[in-house]
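Chemist: Before anything else, here's the structure in question.
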Amino acid sequence: MKKDLLTIHDFEKNDLDYILERSSWLKERQKNGTPHHPLQSRTLGMIFEKSSTRTRVSFEVGMYQLGGQALFLSANDLQLGRGEPIADTARTLSRYLDAVMIRTFAQAVVEELARHASIPVINGLTDLHHPCQALADLLTIKEKRGTLAGLKLAYVGDGNNVANSLIQACTKMGMHISIACPRGYEPDATIVGDAMSQANQMGSRLEITPDPFHAAQGADVVYTDVWASMGQEPEQAARMKAFAGFQVNAELMNVAGPDALVMHCLPAHRGEEIAAEVIDGPRSIVFDQAENRLHTQKAVLEMLIAGDHSAT
Ligand code: CP
Ligand code: NVA
């Protein structure tokens, strides 16, 4: 049975524990210069309907480091862009590739691709989820704090794809998560409802508040993301107004714990969702996050393509 990564919920907690451990192992091996090529002659296809720096480069380099290769497939150049059905695209690509990663708008597209593909499908970001980012974020926090359970993450800003995946990831790992967003910009209600039950099971707290200072109170991590995501450019002006007061700046960081870390999935807009002095300051770990995309995705690729399901 092939396994996909469409949302964080595709993995059980023990899968996530395994991926984090394996990511650290792969990271150390790479840093030592010890070759590890479990994906020789394997190919990952990468379909992009939106721009990317980190996702594209980390997946491509990750496949290369594992002994395989990756193909960049711009949706505009595929027949998909001219109306070929997703189902036919999935069936065709399954005859050439060993896995496919897709970055697109609707989560339904990723789900349809996965339904018709006989190879693993990885969600490289949709309007609703960004699971690969959340995996890298968990690894980064664990590296800095040694543990995840019991820590508090405050997410300040738009209840978007990154927020939704963080909600799923944090509640699964027993972390407390407080989301501060303006009314009307809350994270997805279904995801929040499911995560509330998950948090209850794990003995952790999930809260949604319109008050950034309340969310940041005593936080171990303060996280933010852009106010207008890809595809929301026409709403930019309205969003700038709605999100005034939701900037992660020195004043907000004063409310968080003195050792609180600052995170952002990048790309960032300095002076909008985050002050330059904060993202470029000593508490910021944003480039560690970016680096860890590579290591966590390598663990995912190895697990899904080489069939290393030792955790499940
Ligand atoms: N964080 C992230 O996914 O970055 P890219 O859009 O550059 O891939
Ligand atoms: N929320 C952002 C994340 C980019 C990595 C977007 O969807 O554009």
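The values are calculated or read from the model by the stated rules, or taken from the named source; none is laboratory data. All values derive from a computational prediction rather than experimental measurement. All Cβ positions, glycine included, derive from the backbone under ideal geometry; neighbour counts span all protein chains shown.
Chemist: Applying the selection to the stretch 263-287, what residues are of a type outside the set (Gly, Ala, Ser), within 15 Å of ligand 1 (Cβ to nearest atom) and buried (at least 17 other Cβ atoms within 10 Å of the Cβ)?
Modeler: Of everything in the stretch 263-287, those that are of a type outside the set (Gly, Ala, Ser), within 15 Å of ligand 1 (Cβ to nearest atom) and buried (at least 17 other Cβ atoms within 10 Å of the Cβ) turn out to be Met263, His264, Cys265, Glu273, Ile274, Ile279, Ile285, Val286.
Okay, residues lined up against (1) in contact with a Lys or Arg (Cβ under 8 Å, 6 or more places away or on another chain); (2) more than 16 Å from ligand 1 (Cβ to nearest atom); (3) within 28 Å of Gly174 (Cα to Cα):
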position: Leu20; (1), (2), (3): yes, yes, yes
position: Ser23; (1), (2), (3): yes, yes, yes
position: Arg29; (1), (2), (3): no, yes, no
position: His36; (1), (2), (3): yes, yes, no
position: Thr53; (1), (2), (3): no, no, no
position: Ser58; (1), (2), (3): yes, no, yes
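Chemist: Right, next: Might you let me know whether the stretch 146-153 holds any residue that is in contact with a helix residue (DSSP H, G or I) (Cβ under 9 Å, 6 or more places away or on another chain) and closer than 30 Å to Thr89 by Cα?
Modeler: Scanning the stretch 146-153, I find no residue that is in contact with a helix residue (DSSP H, G or I) (Cβ under 9 Å, 6 or more places away or on another chain) and closer than 30 Å to Thr89 by Cα, so the answer is no.
Chemist: Can you tell me which of Ala199, Ala250 is without any contact (Cβ under 8 Å) to a residue 40 or more places away in the chain and loosely packed, with under 13 Cβ neighbours inside 10 Å?
Modeler: That would be Ala250, the only listed residue that is without any contact (Cβ under 8 Å) to a residue 40 or more places away in the chain and loosely packed, with under 13 Cβ neighbours inside 10 Å.
Chemist: Something else: Inspect all residues belonging to the stretch 142-151 and state whether any of them is touching a strand residue (DSSP E or B) at 6+ places or on another chain (Cβ under 8 Å) and either within 16 Å of ligand 1 (Cβ to nearest atom) or modelled with pLDDT under 95 (or both).
Modeler: no
Chemist: Which residues, counting only those in the stretch 52-71, are within 16 Å of ligand 2 (Cβ to nearest atom) and either crowded, with 21+ Cβ neighbours inside 10 Å or assigned to a helix (DSSP H, G or I) (or both)?
Modeler: Result: Arg54, Thr55, Arg56, Val57, Ser58, Phe59.
Chemist: Out of all the residues in the stretch 172-186, is one or more exposed (fewer than 13 other Cβ atoms within 10 Å of the Cβ) and at negative phi?
Modeler: Yes, because at least one residue in the stretch 172-186 is exposed (fewer than 13 other Cβ atoms within 10 Å of the Cβ) and at negative phi.
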